[in-house]
2 protein chains.
Amino acid sequence: MVRTHTCGELRLSHINKQVTLTGWVQRLRDKGSLLWIDLRDRYGITQLFLEEGISDAALLQTARSLGREFVVKVEGIVAARLSKNDKIPTGEIEVKVSSIEILNASKTPPFTIEDETDGGDDLRMKYRYLDLRRNPVRESLQLRHKMAQQTRAYLDGLNFIEVETPVLIKSTPEGARDFVVPSRMNPGEFYALPQSPQTFKQLLMVSGFDRYYQIVKCFRDEDLRADRQPEFTQIDCEMAFVTQDDILSTFEGLIRHLFKTVKGIDLKEVPHMSYADAMKYYGSDKPDTRFDMKFEELNKVAQGKGFMVFDDAALVVGICAKGCAGYTRKQIDELTEFVKKPQIGAKGLVYIRCESNGTYKSSVDKFFDEIELARFAQQCNAEAGDLILILAGDQDKTRKALGELRLHVASQLGLRDKNKFAALWVRDFPLLEWDEETKKWNAMHHPFTSPKPEDIPLLKTSPGDVRANAYDMVLNGTEIGGGSIRIHDRTTQQQMFTHLGFTDEEAKKQFGFLMDAFEYGAPPHGGIAFGFDRLCSLFGGADSIRDFIAFPKNNAGRDVMIDSPSAISEAQLKELSIEVKK
Amino acid sequence: MVRTHTCGELRLSHINKQVTLTGWVQRLRDKGSLLWIDLRDRYGITQLFLEEGISDAALLQTARSLGREFVVKVEGIVAARLSKNDKIPTGEIEVKVSSIEILNASKTPPFTIEDETDGGDDLRMKYRYLDLRRNPVRESLQLRHKMAQQTRAYLDGLNFIEVETPVLIKSTPEGARDFVVPSRMNPGEFYALPQSPQTFKQLLMVSGFDRYYQIVKCFRDEDLRADRQPEFTQIDCEMAFVTQDDILSTFEGLIRHLFKTVKGIDLKEVPHMSYADAMKYYGSDKPDTRFDMKFEELNKVAQGKGFMVFDDAALVVGICAKGCAGYTRKQIDELTEFVKKPQIGAKGLVYIRCESNGTYKSSVDKFFDEIELARFAQQCNAEAGDLILILAGDQDKTRKALGELRLHVASQLGLRDKNKFAALWVRDFPLLEWDEETKKWNAMHHPFTSPKPEDIPLLKTSPGDVRANAYDMVLNGTEIGGGSIRIHDRTTQQQMFTHLGFTDEEAKKQFGFLMDAFEYGAPPHGGIAFGFDRLCSLFGGADSIRDFIAFPKNNAGRDVMIDSPSAISEAQLKELSIEVKK
């Protein structure tokens, strides 16, 4: 190897050793007679040292010619530093340089390669290869690497087998929009890129591979909201001959293993919560349980006192913000403005201050006396010093709005600490959801999810009430994974397609191979897929998944570094039997 | 879990244990009063046992109703077998069944699920999920899994970091044909699927990630020859601050590690051979070195004796087939026919039999006497009992033809044993190769490969003689991996593009980002990529890569199981701003 050591490796034990280092010039400090260079590589920073009168003149000249980000090969002797730097692991030593070879020069980078950079997002993305030199980005990718390795270690240990499923598959109109690939050899026909390996992993169960996983790229051609990527990575898993609880405990084990090995954290046992309870107590199917602030339904104490907003509401529901009685008028107005934003959609906010002297002050004093307000407080487990925040209206919308308010208040109170982790299983999701636009029932998870057997009769009478054997894992209020026990017999699968509005012909054309497979000894099976990009970003304590992806695309789906997508030649189009429509 | 044990797990030590097994009915033997069922899962086969008069009547009835490939859950007690079966690890026990639950029935499979099946290729592919139940196919995928895990273990141990590079990238006219993906959000523009992550891994080196790898899907839209797939998997690697020898020894280490851990074989040190020598001594850039049979150039002994075929030839070259002097006239005729086939292209074949009595018999006795023939034999290290086979003609064509003959004879002699492994590094490949069709020089490896510095002056005068810092690993006559030391400075890269006929504008448009990157401190770097599908098939001793891919495509690029590619809707085409050209 060109180097004898990395820039993160040398310690006092190496003193007097002749070493060769390679790396990038991070910084040069020239004090006239003394000259220091910080040499950086992926492993750390090592201080190089040269001295006027002792170091060779030509060598000094070379050293002084070095600019930021020059790549060099340096030889020298390890020496103890006079003034140690205890901030870096190599801070006790420096290397007295005897030769410098410039392996490559560098123009001045368009932004500084430091932890905090002056480069904006666009610039950083255009020069992503320089951005990747920055510690936080490099560390994010190293974390991702470690997460992937530990995921494999855990699953391998349980006899899971990693099987690669195809990337060039078949387009189906179900779900999100597919990316498609014109087939040159089959003119007029297209492959699709997989939104997930769903049907293939189910076929592997039919094949008897009973424990499958894959860390796999998936693709969705959706309009990109912030922090969504057209290509993303899943930890995709499936098991046969298991119950839902087997799956939950196996993959709770995975998450606990990752926390333990990657972050040194002993994650608490992951509680289970039904979808119904999650909506009822948190107004969300992905509650953030790092903090409490559970919903209290207040219809009983709130209604019948002449306050029309409460009296007309299907639901009056509140949360108790601990220790917030001191919120100013302005702070409460801000919360009111928050809930009235169109994306939240509440009409107004009622508050009750539980004053430290045991009295109450509320925005509805006109309708409720002290005793009645005390009842609210009691119902909400509010004590002196707390603030009760109440919304009222239609059940689902009010819950969702209060769920948003809960998160908003918790953020203000610093309860959403990125270094604290709370995981949760949400289960018993509805099987179907009503699509207002198309006026039909869609599969909430996907059409292969099995209904709870006891709910099957409801399919005809009350489809929205049918619960599925479906579950999500939620971490800190973010869904990090989801799955289900699948249908494994042709009859039920066909029924499901019918309920989703497929004609028999459509179902057969698109998923005939799967239904056929179910007739040749398909075992009961189920699985889960974790969003790997998001999981990494949560482990890394970051808001965005962007820096956990080496070469991400922007919100227009463009890679600005390589300038893609781009036009292709007429010859290429002709070979593919397609034309661009102007 | 539904089962307590797998079907490969029970031993004498489990006797009298109550167990629950799940799996597929492989076979049912009904002897009237005694009934055996072979239950199969991924882990093995366990014999189940029922007895008339002892087992419950309803249970017996259920057992008798089972068909091949039914999925069942069985409870029972482990008992010692009266007649052991030492062919399977569970052969000492059987399970006395107390209950059977049919988890799913099965229609009669379209082919038998046995090691040797009656299913043809098309049928097996259409029902791939059943084909995957067969031991040889399942074991192939398990081998692949193990290869992947061990590849990662080795590279992780050397501080390589696995980084996922994008799948939606940019189309470039260089090299093979790209698969493209129309961008809905950028009408008229297309992504391309990567033929390899080449430029991205080089950018990672510029970023300082100094040791990268990825087991990654790549795509090439080529007319499919037998045993080529439009999507295939590479072990893709790159290192910075290394010499070519560092790379060769690192990845020789990988292959040795795989042989050791996956097959328990201590692979010999991998010899190095120049491309020039490989062509000279084996007529191939991927010589099969499981056996010797090196070429001997015979111009000196062959020419000037009046045999025009030899006298007019640029090269007279032979191989010695050990112990083949007894080849019949018919056998030698067959070899002559072989070399005269159009794809081999020789005009004829000269042989010299080294008879056991020390005399010689040849097809050119008219021109060469015993003493002269003895000289041929001496030159070829041929002894009594050997057969010398000689071709003559134009240098390159003759070498290639003799290379084919060498393999053909070796196959006949059983020298190409699939359980024997010989690896070889072939290095110093030519940088460029002449394309007769386009009348221009193409990069033999790819345009990022660095020329040997001492050969750079030849670029202008004799481009075909410039050697590259490029290398292939060859295993048993198959190229399993190849790579090079890359260009890492803008000037050389630009020069290379010019030599390959790129205008400056084209080079900038397609690879400007890479040349830009080279100006910001790009370290010296190089790498390699292994064809993972092929590597697995060689380890598995198979001729085809097909069974080492879970869901392969056929030679028309079709997945006959899911029936893909397929037509997509007009609405989809419209959204993508493309039209199918009729």
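The values are calculated or read from the model by the stated rules, or taken from the named source; none is laboratory data. All figures in this text were calculated on a predicted structure; none of them were measured in a lab. Note that we place each Cβ from the backbone using ideal geometry, even for glycine, and neighbour counts take in every protein chain shown. Each accessible area value is taken on the protein alone, full model and side chains, heavy atoms only, with ligands, DNA and RNA left out. Shrake-Rupley method; radii C 1.70, N 1.55, O 1.52, S 1.80 Å.
Within the range B:154-172, restricting attention to residues that are free of Cβ contacts under 8 Å to residues at least 40 places away in the same chain and out of contact with any Pro (no Cβ under 8 Å at 6 or more places or on another chain), the residue that is most open to solvent (accessible area, probe 1.4 Å) is B:Gly157. Taking the numbered list (1) buried (at least 21 other Cβ atoms within 10 Å of the Cβ); (2) within 30 Å of B:Tyr43 (Cβ to Cβ); (3) free of Cβ contacts under 8 Å to residues at least 24 places away in the same chain in turn, A:Gln149 passes all entries but (1). Here's a check for you: in the range B:221-254, which residue that is aliphatic (A, V, I, L, M), surrounded by fewer than 21 Cβ atoms within 10 Å (Cβ to Cβ) and away from chain A (no Cβ under 12 Å) is farthest from B:Leu193 (Cα to Cα)? Step by step, filter the range B:221-254, then rank; the result is B:Leu248.
Residues of the range B:515-534 that are within 9 Å of chain A (Cβ to nearest Cβ), in a helix (DSSP H, G or I) and in contact with a helix residue (DSSP H, G or I) (Cβ under 6 Å, 6 or more places away or on another chain): B:Ala517 alone.
Please give the number of the condition A:Thr261 fails out of (1) assigned to a helix (DSSP H, G or I); (2) within 25 Å of A:Ile487 (Cα to Cα); (3) within 14 Å of chain B (Cβ to nearest Cβ). It is condition (2) that A:Thr261 fails. Of the strands (runs of 3 or more DSSP E) lying entirely inside the range B:134-250, the ones with 2 or more residues being closer than 20 Å to B:Thr478 by Cβ are found at B:211-219, B:231-240.
So which residues in the range A:115-130 are among the hydrophobic types (A, V, I, L, M, F, W, C) and either more than 9 Å from chain B (Cβ to nearest Cβ) or open to solvent by 30 Å² or more (accessible area, probe 1.4 Å) (or both)?
Pass one, the range A:115-130, residues among the hydrophobic types (A, V, I, L, M, F, W, C): A:123, A:125, A:130.
Result: A:Leu123, A:Met125.
A:Gly188 fulfils the conditions (1) within 19 Å of A:His525 (Cβ to Cβ); (2) facing chain B (nearest Cβ under 7 Å); (3) in contact (Cβ under 8 Å) with a residue 60 or more places away in the chain; (4) small (Gly, Ala, Ser) except for a single criterion, (1).
Could you please find all residues in the range B:551-582 being over 22 Å from A:Met185 (Cα atoms) and either of a type in the set (Asp, Glu) or facing chain A (nearest Cβ under 7 Å) (or both)? Matches in the range B:551-582: B:Glu575 only.
Where residues in the range A:489-512 are surrounded by 21 or more Cβ atoms within 10 Å (Cβ to Cβ) and touching a residue at least 60 places away in the same chain (Cβ under 8 Å), which of them is farthest from B:Leu39 (Cα to Cα)? Taking the candidates together, the pick is A:Gln510. What do you reckon, is A:Phe502 away from chain B (no Cβ under 14 Å) and outside any helix (DSSP H, G or I)? So A:Phe502 passes the test. What number of residues in the range A:173-188 are open to solvent by less than 60 Å² (accessible area, probe 1.4 Å), closer than 26 Å to A:Pro447 by Cα and among the small types (Gly, Ala, Ser)? Number satisfying all stated conditions: 1. Among (1) open to solvent by less than 50 Å² (accessible area, probe 1.4 Å); (2) of a type outside the set (Lys, Arg); (3) more than 27 Å from A:Leu413 (Cα to Cα), there is one condition A:Gly283 misses while meeting the rest; what is its number? Status for A:Gly283: all satisfied but (3). Give the residue that is surrounded by the most Cβ atoms within 10 Å (Cβ to Cβ), with candidates limited to residues of the range B:518-534 that are among the hydrophobic types (A, V, I, L, M, F, W, C) and closer than 22 Å to B:Thr243 by Cβ. Across the range B:518-534, the extreme among qualifying residues is B:Ala522. Look at the range A:131-145: where a residue is facing chain B (nearest Cβ under 9 Å) and a partner is β-branched (Val, Ile, Thr) and in a helix (DSSP H, G or I), sitting 6+ places away or on another chain with Cβ atoms under 6 Å, you get A:Asp131/A:Val137.
For the condition outside any helix (DSSP H, G or I) and either open to solvent by 70 Å² or more (accessible area, probe 1.4 Å) or within 11 Å of another protein chain (Cβ to nearest Cβ) (or both), what is the one hit in A:Thr112, A:Thr108? Step through it out loud before you land on a result.
Values: A:Thr112 fails: either open to solvent by 70 Å² or more (accessible area, probe 1.4 Å) or within 11 Å of another protein chain (Cβ to nearest Cβ) (or both).
A:Thr108 is the lone residue from the list that is outside any helix (DSSP H, G or I) and either open to solvent by 70 Å² or more (accessible area, probe 1.4 Å) or within 11 Å of another protein chain (Cβ to nearest Cβ) (or both).
Regarding the range B:78-91, can at least one residue be identified that is part of a loop (DSSP other than H, G, I, E, B), among the charged types (D, E, K, R), within 24 Å of B:Arg558 (Cβ to Cβ) and more than 14 Å from every other protein chain (Cβ to nearest Cβ)?
First, pick out the residues of the range B:78-91 that are part of a loop (DSSP other than H, G, I, E, B): B:81-91.
Checking the rest, the ones that are also among the charged types (D, E, K, R) come to B:81, B:84, B:86-87.
Right, trim to within 24 Å of B:Arg558 (Cβ to Cβ) and you get none.
No, that holds for no residue.
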